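Notes follow the structure.
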Amino acid sequence: MKLTPLTAEEKNRAFAPTKKPEVIEKQRLAVRYHIEDFPVDDRPRRFLNAFAAILRHSNYRFALDHFVRISAKCSRCATSCQVYLATGDPEDIPCKRSELLLSVYRRHFTLGGSVRGRLFDRGHLTDAMIQKMADSFWNCTACRRCTMECPSGIDHALITHLGRYILSEIGIAPRALVISTREQLEGATGNTSAIPLPALVDTLEFLEEDMKEEKGIDILFPRDVENADWVFFPAVSDFLMEAETLMGVAAVFAATGDSWTIGTGYFDGINYGLFYSDRILERVVKKVDAETRRLKGKNVLIGECGHASRSAKYFLPTHCGGDKALPVVNIMEYTHQAWKEGRLKLKANTIKRRVTYHDPCNIARQRWITEQPRELLKAICVDFVEMTPNRDENICCGGGGGTVSIDEIRPYRTAVGGRAKAEQIRATGAKYVVAPCANCKKQLKELLEDQKIDCEVIGLHDLLYRAIEFDAPPTSAEEPQKEE
């Protein structure tokens, strides 16, 4: 598949060398790692032991055997990597980053490499190489755009993920992710944002009252309803920061009348394991499955979140029943289908300001969800414009692969990783950028603030909430809604 090339003007504007090269160097030292208490000089042995265990209990070996045989070093991937094009640092070329781990596999886990290494006494893994991998792998946003350009089909993001996984097994992982997942899996609240259940209930009740006052009808957030068609798992951060997105979701269900519920036993769609640890990924996926089955729900419904959707969609079958796994649907798919069936009515031309749409990599790169949100936006917006490139060729927000959760590297994310996306948004002149993903929203808000772009980041269901027409007339007089 060939990517749509940028024009010379677009490349010069978006990928000119950063004006603050010191930001790049600070990134190398900025990530605060959670490091287990063991001797540093023991790390190479522990790394190789972890690597061997992962190869023994997974199917990574098949991919790595293929990659080391065709190991392309043509650097064509560099032309599509927004990080490299912003830094100009050869260390950020995807195939060079991948070679850091492939060289270890070739030397220590293939027959030819082992024989040559012992014969010539070279190529041994060192602590310096481990540290270099840690620094390099967390510069990558794992957006997979480079894979589309690779003539050999090497999945550089997969290699980055595997490298992070091995590092996490020996205690080297960003502290922000470790703390969040520890609270999610072992903490008292059981979610990455540490929201106590009483606080969640209070928030939902407040939103119900707010919607009743605004819309004049009862719009509810059902809790612990058994046998519901849909058990809803948004990114838990939405309960803190994206109230209007949640209100839009509730309004959609109020209009369609379908049964849905939020489980109080577990209500977090976030799965940081997708970014750095298959063990964490599996444990979180099983929590989603267990809560849905506890409520006897028929489908898993994921909110506006790219990585939560991808981790549930592709790994529930892997870890929770194969062909018998519960179906997984993203909320945009549900809303679009209800609208196409005529069960959801939207008022045309509700949104007057210019709107553009950002494709989250985790749901767009493989062409899973691209057209549904666009059709909904065109149905309610007067002025919808596209960024270029878009859909499966989209440019990452700059905070992908879990890097958005690492607050200490925000200057790097917004000055380097997200520069191309900032210029894309600036070029549209849009006043709203719709980003149906919790991680993308956080990154883009910081990006637009740091890049001083006059645009608001918003969810798809935030805008749909303003455009939904209900069959039943309001029970009390309402103030006319302001045009957007």
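The values are calculated or read from the model by the stated rules, or taken from the named source; none is laboratory data. In this text, all values refer to a predicted model and were calculated from it rather than measured experimentally. With ideal geometry, Cβ positions are generated from the backbone for all residues, glycine too; neighbour counts draw on all protein chains shown.
Structural remarks
- Selection within segment 346-361 - among the hydrophobic types (A, V, I, L, M, F, W, C) and surrounded by fewer than 17 Cβ atoms within 10 Å (Cβ to Cβ): ALA348
- Qualifying residue in segment 433-452 (condition: crowded, with 21+ Cβ neighbours inside 10 Å, at positive phi and not β-branched (Val, Ile, Thr)): no
- A residue that is closer than 26 Å to ALA173 by Cα, modelled with pLDDT of 95 or more, touching a Cys at 6+ places or on another chain (Cβ under 6 Å) and not charged (D, E, K, R) cannot be found anywhere in segment 363-383.
- Annotation: of all residues in segment 47-76 being β-branched (Val, Ile, Thr) and farther than 17 Å from ARG164 by Cβ, the one that is surrounded by the fewest Cβ atoms within 10 Å (Cβ to Cβ) is ILE70.
- Residues that are over 31 Å from the mean Cα position of the chain (by Cα), assigned to a helix (DSSP H, G or I) and in contact (Cβ under 8 Å) with a residue 24 or more places away in the chain within segment 93-114 comprise HIS108, PHE109, listed in sequence order.
- Residues in segment 407-417 include none that are at pLDDT 95 or above and of a type in the set (D, E, K, R).
- Close pairs from segment 254-271: first buried (at least 22 other Cβ atoms within 10 Å of the Cβ), partner in a loop (DSSP other than H, G, I, E, B) and modelled with pLDDT under 95, Cβ under 7 Å, at least 6 apart: ALA255/PHE470
- Residues that are of a type outside the set (A, V, I, L, M) and under 21 Å from THR192 (Cβ atoms) within segment 205-223 comprise PHE221, ARG223, listed in sequence order.
- Note on segment 225-286: enclosed helices (runs of 4 or more DSSP H) holding 2 or more residues that are over 19 Å from LYS442 (Cβ atoms) and of a type outside the set (Ser, Thr, Tyr) are 243-256.
- Residues that are under 19 Å from the mean Cα position of the chain (by Cα), over 14 Å from GLY398 (Cα atoms) and assigned to a loop (DSSP other than H, G, I, E, B) within segment 415-468 comprise PRO436, GLY459, listed in sequence order.
- Within segment 149-165, restricting attention to residues that are closer than 19 Å to SER136 by Cα and charged (D, E, K, R), the residue that is surrounded by the most Cβ atoms within 10 Å (Cβ to Cβ) is ARG164.
- Among the helices (runs of 4 or more DSSP H) confined to segment 325-392, the ones with at least 2 residues that are among the basic types (Lys, Arg) are located at 371-380.
- Leading residue by the ranking (farthest from ALA50 (Cα to Cα)) among those in segment 159-178 that are among the aliphatic types (A, V, I, L, M) and at pLDDT 95 or above: ILE159
- In the set ARG144, ARG164, ARG175, only one residue is touching a residue at least 40 places away in the same chain (Cβ under 8 Å), basic (Lys, Arg), closer than 27 Å to HIS66 by Cα and in contact with a strand residue (DSSP E or B) (Cβ under 8 Å, 6 or more places away or on another chain); that residue is ARG164.
- Within segment 77-92, being surrounded by fewer than 24 Cβ atoms within 10 Å (Cβ to Cβ) and assigned to a loop (DSSP other than H, G, I, E, B) holds for GLY88, ASP89.
- Selection status of THR126, more than 21 Å from SER405 (Cα to Cα) and touching an Asp or Glu at 6+ places or on another chain (Cβ under 6 Å): no
- Filtered by the rule that a residue be under 28 Å from ALA312 (Cα atoms), in contact (Cβ under 8 Å) with a residue 40 or more places away in the chain, of a type outside the set (Asp, Glu) and surrounded by fewer than 19 Cβ atoms within 10 Å (Cβ to Cβ), segment 362-409 gives TRP368, PRO389.
- Test for GLU10: is it within 28 Å of VAL404 (Cβ to Cβ), surrounded by fewer than 18 Cβ atoms within 10 Å (Cβ to Cβ) and modelled with pLDDT of 85 or more: no
- Leading residue by the ranking (nearest to PHE47 (Cα to Cα)) among those in segment 115-140 that are of a type in the set (Phe, Trp, Tyr) and within 39 Å of the chain's Cα centre (by Cα): PHE137
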